[in-house]
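The values are calculated or read from the model by the stated rules, or taken from the named source; none is laboratory data. Being a predicted model, the structure only gives us computed values, none of them experimental. Here the Cβ positions follow ideal geometry from the backbone for every residue, glycine too, while neighbour counts run over all protein chains shown.
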Amino acid sequence: MKISNDWWTAPAESENGNLILVTGRRGMEPVIETGHYRYRIEVTWPYEGDAKALPSYDDSKMLEAVTDALNECFDRDPVAVLTGIYTGDNQRNWVFYTRSLHIFQRKFNEALAPFPALPLQFEAEEDPEWQEYREMCQCEVAEGED
């Protein structure tokens with residue numbers, strides 16, 4: 001199974017009015033249809049943002065380096081798929097769907113081994129219908145829409 005590497009980004013707004021950049025992965029239907037990726041894991045990295053609650057330049061560089069390491073790890077061994085990234089309101093959230101919580105944890109730790117300890121928070125739950133992914137996709141702005 002080939003996993004799409006086609007991404008989109010659109011602005012959204014937090015409950016308190018802060019800008020959130022939503023980045024989503026297109027073309028997940030083949031992955032969803034397997035029925036294997038039943039668990040959703042949300043990983044949150046709180047940061048001290050600027051006046052608009054967005055990351056500083058240095059924080060954004062580290063956030064991107066971590067995102068690249070995670071993508072590289074799970075592209076090589078697709079036990080999990082990164083489907084969405086939310087940045088803003090003083091935090092970055094990565095959303096993964098995985099086959100196994102235990103294997104995800106092991107691979108995640110391997111991917112981030114080169115980095116210093118990070119202030120990450122984890123939430124996991126079953127989401128076999130990919131409800132969060134489907135809701136996130138509603139944020140995508142179609143081409144030509146302004």
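Which of (1) assigned to a loop (DSSP other than H, G, I, E, B); (2) free of Cβ contacts under 8 Å to residues at least 40 places away in the same chain is the odd one out, the single condition CYS139 does not satisfy?
With (1) assigned to a loop (DSSP other than H, G, I, E, B); (2) free of Cβ contacts under 8 Å to residues at least 40 places away in the same chain applied to CYS139, the lone miss is (2).
Give the stretch 58-107 a look and list any residue that's of a type in the set (Gly, Ala, Ser) and either touching a residue at least 40 places away in the same chain (Cβ under 8 Å) or surrounded by 18 or more Cβ atoms within 10 Å (Cβ to Cβ) (or both), or say none.
Residues of the stretch 58-107 that are of a type in the set (Gly, Ala, Ser), as a first pass: 60, 65, 69, 80, 84, 88, 100.
Hits for the stretch 58-107 are ALA65, ALA69, ALA80, GLY84, GLY88, SER100.
Regarding VAL22, is this residue crowded, with 16+ Cβ neighbours inside 10 Å, out of contact with any Cys (no Cβ under 6 Å at 6 or more places or on another chain), at pLDDT 95 or above and not in a helix (DSSP H, G or I)? If you could, list the steps in order and put the result at the bottom.
Details: crowded, with 16+ Cβ neighbours inside 10 Å: yes; out of contact with any Cys (no Cβ under 6 Å at 6 or more places or on another chain): no; at pLDDT 95 or above: yes; not in a helix (DSSP H, G or I): yes.
No: the conditions fail for VAL22.
Would you please list the contacts, defined by Cβ atoms under 6 Å and residues six or more apart or on different chains, that run from a residue in the stretch 16-38 that is closer than 16 Å to ARG92 by Cβ to a residue that is part of a helix (DSSP H, G or I) and charged (D, E, K, R)?
Going by the 6 Å Cβ cut-off, there are no qualifying pairs.
Can you name every residue in the stretch 1-19 that is closer than 21 Å to ALA111 by Cβ and modelled with pLDDT of 95 or more?
TRP7 - this is the single residue of the stretch 1-19 that is closer than 21 Å to ALA111 by Cβ and modelled with pLDDT of 95 or more.
Yes or no: GLU110 acidic (Asp, Glu), surrounded by 11 or more Cβ atoms within 10 Å (Cβ to Cβ), within 30 Å of SER56 (Cβ to Cβ) and free of Cβ contacts under 8 Å to residues at least 60 places away in the same chain? Before the answer, list the steps.
Working: acidic (Asp, Glu): yes; surrounded by 11 or more Cβ atoms within 10 Å (Cβ to Cβ): yes; within 30 Å of SER56 (Cβ to Cβ): yes; free of Cβ contacts under 8 Å to residues at least 60 places away in the same chain: yes.
The answer is yes for GLU110.
Among (1) of a type in the set (Lys, Arg); (2) surrounded by fewer than 20 Cβ atoms within 10 Å (Cβ to Cβ); (3) modelled with pLDDT of 95 or more, which single condition is ARG40 missing?
Unmet condition: (2).
Residues are listed down the side, and each one gets a yes or a no for (1) basic (Lys, Arg); (2) modelled with pLDDT under 95; (3) assigned to a strand (DSSP E or B); (4) touching a Leu at 6+ places or on another chain (Cβ under 8 Å):
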site: HIS36; (1), (2), (3), (4): no, no, no, no
site: TRP45; (1), (2), (3), (4): no, no, yes, yes
site: ALA51; (1), (2), (3), (4): no, yes, no, no
site: GLU72; (1), (2), (3), (4): no, no, no, no
site: THR83; (1), (2), (3), (4): no, no, yes, no
site: PHE96; (1), (2), (3), (4): no, no, yes, yes
